[in-house]
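Some notes on the structure that comes next.
The values are calculated or read from the model by the stated rules, or taken from the named source; none is laboratory data. This is a predicted model, so every value here is computed, not measured. We place every Cβ from the backbone using ideal geometry, glycine too, and count neighbours over all the protein chains shown. All accessible areas refer to the heavy atoms of the entire protein, side chains included, with ligands and DNA or RNA removed. Shrake-Rupley method; radii C 1.70, N 1.55, O 1.52, S 1.80 Å.
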Amino acid sequence: MIFASAPGPLEPQTLAGLEQVLGPGRLLAGPEAEPFLTDHRQLYHGRGLVARPHTAGELARLLAFCNEHRIGVVPQGGNTGYCGGATPDESGTQLVVSLARLSRIRQVDPLNYSLVAEAGCILADAQRAAEEAERFFPLSLGSQGSCQIGGNLSTNAGGVHVLRYGMMRDLVLGLEVALADGRLLSSLTSLRKDNTGYDVKSLFLGAEGTLGIITAASLKLFPKIRCSATAFAAVPDPRAAVQLLARLREASGDRVSSFELVPRLAIELTTRHIPGVRDPLEAPHSWYVLCELTSSRAADPLDSMLTECLGEALQGGLVRDAALAASERERAAFWKLRETIPEAQRLDGASLKHDISVPVAAIPEFIERAGAWLRENAPDGRLIAYGHVGDGNLHLNLNQAPGADRAAFLARSEPIKRAIHDLVRDFDGSFSAEHGIGRLKVGELEHYAQPVELALMRAIKRVFDPRGILNPGKVLRRDAQ
Ligand code: FAD
Ligand code: 2HG
Ligand code: ZN
């Protein structure tokens, strides 16, 4: 009996009931549960048991039981989320539901350009399944080797292809969802058009497991990428970066699929901390962009389009220097530099993260104003503003300066966050562009959301989860639900 040492105040008969619903080997406790109880950034450490259902039906039955016994349920995908959404609280009364065993690709339909994957399918596996069918699934994140489709849907993940293909929400055709009371909503349609009343499924996208547990999804595919051109270009400043993007979109017939901003400090941190990363250009520059054009036509002259556009930009002063990837190896090296910025930041010391968005054209002014405020008010931090500039989404992060006191630096996180997020509001931007709310930003949502919006969110929560068992305390505060 694994429950003899189970943490927290779950009654023995409730625990026995859980085991009966799930069957042997599906419930973890003690050291086996440990890896599921801390979030990726190690901001939260919870307590609780872990259930690993193998089918959607099993999961639905588990929810019916938890609803009846008012057991809080915390869905967990790859546990790579940035806001503590997949971590249980410290009470020991919550049950983590890992989707890892629901990982099948149920169907790939090349003619319909669609794929049906279970929620626990690793993102990279879904990408591979599409590729094997001569198709392309465009969601692409640094965590794609471990994050899951269900987590991507529930956070409405973004990543490096949003400017061409949209966020996860835009890639969904249908969903299958286990509801709080144990009913299974089966809406796994592959239709491109369907205007039959309210779009109920869209509410689960970005809901972070607070309205239902997604068990499978029907996703859009695109023509396979057969040709790409990738450059790492130094630009004088973010203003030039935004102008270059506008020109490149026009000059390439809108074939830009990625456009990422990289500051000098990111080059310094990645080359210092990540083996194999090197500076793509000879001389140092303050700002860079990693840009990529892609096409499904093998013979598209993307290299010449990119070279020509960058050449003109060089003459016009929008670009200072550029390296074009001459091989797949060089392309991978540029991307490795970009994708390992979060890891290099972590290895360099404490960091404060702000996942913000403003209109693309406002990015330069936003960086100028945020930078000026931080230089004056947070001199023990070094600004590293990078990311998806083509979507107006910056990771406006602050790393502890060399020699700075870690505790003193972290102790100032609240006033710094307030100043940055106030500035974001002044720009009509968002304080959570792609990482969600989870537990980390519940207070920020209360602070910045319109009262009418919050009231509607709470009302929706009550309809879907009247007993408040689904991911309690995430997105919305528990006592306000
Ligand atoms: P988890 O962390 O397990 O869960 C996230 C939330 O979804 C939780 O609230 C959880 O309860 C809920 N959930 C999980 N599965 C389900 C389900 N089946 N049904 C209902 N709710 C569920 N994010 C971006 O958007 N863009 C990026 O570029 C990006 N890059 C990253 C790079 C690195 C190196 C890392 C570590 C993370 C990055 N992330 C990025 C953040 C993270 O990978 C994404 O948020 C991802 O979508 C989370 O997926 P997951 O499976 O790990 O979800
Ligand atoms: C990225 O774009 C991720 O690399 C992580 O969204 C951002 O660590 C961060 O702040
Ligand atoms: Zn990002």
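Using a 1.4 angstrom probe, figure out how much accessible area the stretch 1-136 has per residue, in square angstrom, rounded to the nearest whole. All intermediate terms of the calculation are to be shown ahead of the outcome.
Values: 5870 Å² over 136 residues.
Heavy-atom accessible area per residue stands at 43 Å².
Sorted by accessible area (1.4 Å probe), largest first, how do Glu308, Glu365 line up? Before the final figure, lay out each step's value.
On the way: Glu308 120, Glu365 85 Å².
Listed by decreasing accessible area, they come as Glu308, Glu365.
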- Message: What distance in nm lies between label points placed 7 Å from Cα along the C-beta direction at Lys336 and His54?
- Response: 4.0 nm
- Query: When you count, for each residue, the other Cβ atoms within 10 Å and take the mean per peptide, how do 28-35, 12-19, 353-360 rank with the highest first?
  - Reply: 353-360, 12-19, 28-35
- Message: Per 0.36 nm of contour for each residue apart, how much would the distance between Glu446 and Asn112 grow if the chain were fully extended, relative to their Cα-Cα spacing?
- Response: 116.1 nm
- Item | Contour minus Cα-Cα distance for Ser286 and Arg192 (0.36 nm per residue) | 29.4 nm
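Using a 1.4 angstrom probe on the protein heavy atoms only, line up Lys224, Lys336, Lys474 by accessible area, largest first. List each step's numbers first, then the result.
Values: Lys224 40, Lys336 90, Lys474 5 Å².
Putting Lys224, Lys336, Lys474 in descending order of accessible area: Lys336, Lys224, Lys474.
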- Message: Accessible area of the chain with a 1.4 Å probe: how many percent of it is carbon plus sulfur?
- Response: 51 percent
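Can you give the accessible area per residue of the stretch 301-404, in Å², using a 1.4 Å probe? Could you put the intermediate results ahead of the total?
Working: 4510 Å² over 104 residues.
It amounts to 43 Å² per residue over the stretch 301-404.
Is there a quick way to get the dipole size of the chain? I mean about its Cα centre, with the Cβ of Lys and Arg at +1 and of Asp and Glu at -1; what is the value in debye to the nearest 20? The partial results should precede the final answer.
Details: 52 positive and 56 negative charges, 135 e Å.
Once rounded to the nearest 20, the dipole reads 640 debye.
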- Sequence order, the stretch 125-136: Karplus ³J(HN,Hα) from phi using 6.51 cos²θ - 1.76 cosθ + 1.60, θ = phi - 60°, Hz rounded, Gly and Pro as x, gives 5, 5, 4, 5, 4, 5, 4, 5, 9, 6, 10, 9
- Counting only residues 5 or more apart in sequence or on a different chain, those whose built amide H sits under 5 Å from that of Val319 are Leu314
- Message: Can you compute the FRET efficiency between Gln20 and Ala326 using 1/(1 + (r/R0)^6), with r the Cβ-Cβ distance and R0 = 45 Å? Round to the nearest 0.05.
- Response: 0.15
- Task: Return the distance in nm (one decimal) between the two label points of a simple spin-label model at Leu347 and Ser296, each offset 7 Å from Cα along Cα→Cβ.
- Result: 3.9 nm
- Lys/Arg Cβ at +1, Asp/Glu Cβ at -1, dipole of the stretch 61-216 taken about the Cα centre: which of Leu185, Leu99, Gly78 is farthest positive-ward? Leu185
- Using a ≥ b ≥ c from the Cα gyration tensor of the stretch 1-124 (square roots of the eigenvalues), is it rounded, prolate or oblate, where a/c under 1.5 gives rounded and otherwise the larger of a/b and b/c decides, a/b for prolate? oblate
- Once all protein chains are kept in place, Trp373 shows an accessible area at probe 1.4 Å, nearest 10 Å², of 90 Å²
- Give, in nm to one decimal, the length gained when the segment between Glu34 and Arg418 is fully stretched (0.36 nm per residue of separation minus the Cα-Cα distance). 134.9 nm
- Message: Need the C-alpha centroid separation for the stretch 122-193 versus the stretch 327-404, integer Å.
- Response: 26 Å
- Query: Once both labels are modelled 7 Å past Cα along the beta-carbon direction, what's the Glu368-Glu453 spacing in nm?
  - Reply: 2.7 nm
- Message: Using amide H atoms built in the peptide plane, which far-off residues or other-chain residues are under 5 Å from Arg104 H to H?
- Response: Glu118
- Once amide hydrogens are built 1.01 Å from N within the peptide plane, the residues lying 5 or more places from Leu188 or on another chain with amide H under 5 Å from its amide H are Leu175
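To check you understand DSSP bridge types, tell me what percent of the beta bridges within the chain (both residues inside) are antiparallel, rounded to 5. It would help to have the intermediate numbers written out before the result.
Numbers: 58 of 67 bridges.
Bridges in the chain are about 85 percent antiparallel.
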- Query: Can you list the HN-Hα couplings for the stretch 324-337, worked out from phi with the Karplus curve (6.51, -1.76, 1.60; θ = phi - 60°), rounded to whole Hz and with x for Gly and Pro?
  - Reply: 9, 5, 8, 8, 4, 5, 5, 4, 4, 5, 4, 5, 4, 4
- Message: Just want the answer: with Cβ charges of +1 for Lys and Arg and -1 for Asp and Glu, which residue in Ala344, Ala216, Tyr113 is farthest toward the dipole's positive end in the chain?
- Response: Ala216
- Task: Would you tell me the accessible area of Ile420, worked out with a 1.4 angstrom probe on the heavy atoms of the protein chains, in Å² to the nearest 10?
- Result: 10 Å²
